[in-house]
Amino acid sequence: MRRKSQINKSLLVIKAVYVKEMKIWLRYPSWIFTFIALPYMISGLFYGVGYSIAGPSATKNFASNTGIDDPFLYYLLGSLVFMMTTLICEDIGSSIRMEQMRGTFELHYLSPSNKALIWSSYILPHGTISLLTMFISALPPLIYRFGFQSIISLIIGLLILFIGIIPIFGIGLIMAALTVKYKEPWAVINVVRTIITVCSGFYYPLTILPYWLQLVSQFVPTSHITMLLREVLLANRRLIFSDYRFTLLLFLSLIYFVLGYGFFVRWERNARRSGELSKY
């Protein structure tokens, strides 16, 4: 009976965080339309620069280097994964910072709720917005290019994204802890985002990187998310679950989540003892 009561309380915490964050998103819906349009603008920029440099042979050169004959969709999928990663990582860290600036940060620690659960619940509203905007952005060009047969591939792609959110959330928890410790989210976020962007191949194949960076990219979950999405949606591969990269993504999801959660819990314990929570 006591365990059932604890589960109900945890669900109420998750619901409260979800409703609060979704109300903030829906209060300013223009941001959602911006996120839907931004991948097209970034993809168009890269497409235009490549065509202006290489001319009519740009598409042929691109296909020979990447194995994909549609550079626009290649860039579009990379942009979508980049935005999802940025949105989740930034919002978890910046949400804590905003609570500090509003003066409501201490109220979370006066409540009887599990604090790690409170901050972990932020993944649900931000993940909802990320998946929704990605689905809306990717669906029209994929249907135009491949017809309605791409819907099955898109469902598989959403499953890959759902799994891929887990390690990104683990990274977000580490960034959240560092944000509260160093009192400045953007310095931490920019360093981590640069490393992820370089090693993920959002806008170029990873084979052009030095060998040591290619090895590093194997431990960056977004590199596998990007490659798997392109193979499912652009190369129409259906046996993606037997791919070693899918297995590696599952493994990294577990590792990053446990690492992020453990890092945050340890930081919180030390911050309580040292009084770091009250310094910002």
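The values are calculated or read from the model by the stated rules, or taken from the named source; none is laboratory data. The shown structure was predicted, so the numbers you read here are calculated from the model rather than taken from an experiment. Because the Cβ atoms are built from the backbone with ideal geometry, glycine has one as well, and the counts that use them run over all protein chains shown.
Residues of region 30-63 that are free of Cβ contacts under 8 Å to residues at least 60 places away in the same chain and among the hydroxyl-bearing types (Ser, Thr, Tyr): Ser30, Thr34, Ser43, Tyr47, Tyr51, Ser52, Ser57, Thr59.
Which of the residues belonging to region 200-247 are aromatic (Phe, Trp, Tyr), touching a residue at least 12 places away in the same chain (Cβ under 8 Å) and assigned to a helix (DSSP H, G or I)? Correct list: Phe246 only.
Return yes or no: is Pro29 farther than 28 Å from Ala177 by Cβ, at pLDDT below 80 and either basic (Lys, Arg) or surrounded by fewer than 11 Cβ atoms within 10 Å (Cβ to Cβ) (or both)? For Pro29, the condition - farther than 28 Å from Ala177 by Cβ, at pLDDT below 80 and either basic (Lys, Arg) or surrounded by fewer than 11 Cβ atoms within 10 Å (Cβ to Cβ) (or both) - is met. Screening Ile96, Ile160, Ile123 for residues that are in contact with a Leu (Cβ under 8 Å, 6 or more places away or on another chain) and either closer than 20 Å to Thr85 by Cβ or without any contact (Cβ under 8 Å) to a residue 12 or more places away in the chain (or both) leaves exactly one candidate, Ile160. Within region 43-61, if we keep just the residues that are in contact with a helix residue (DSSP H, G or I) (Cβ under 7 Å, 6 or more places away or on another chain) and either at pLDDT 85 or above or not β-branched (Val, Ile, Thr) (or both), the residue that is surrounded by the most Cβ atoms within 10 Å (Cβ to Cβ) turns out to be Ser43. Among the residues making up region 10-21, a single one is at pLDDT 85 or above and surrounded by 14 or more Cβ atoms within 10 Å (Cβ to Cβ): Tyr18.
In this structure, is Leu38 modelled with pLDDT of 80 or more, under 17 Å from the mean Cα position of the chain (by Cα) and over 22 Å from Ile163 (Cα atoms)? The answer is yes for Leu38. Residues of region 102-120 that are surrounded by fewer than 20 Cβ atoms within 10 Å (Cβ to Cβ), within 18 Å of Thr179 (Cα to Cα) and touching a residue at least 40 places away in the same chain (Cβ under 8 Å): Phe105, Glu106, Tyr109, Lys115, Ala116, Leu117, Ile118. For Ile68, the conditions (1) of a type in the set (Val, Ile, Thr); (2) closer than 22 Å to Thr222 by Cβ; (3) surrounded by fewer than 13 Cβ atoms within 10 Å (Cβ to Cβ) are fulfilled apart from (3).
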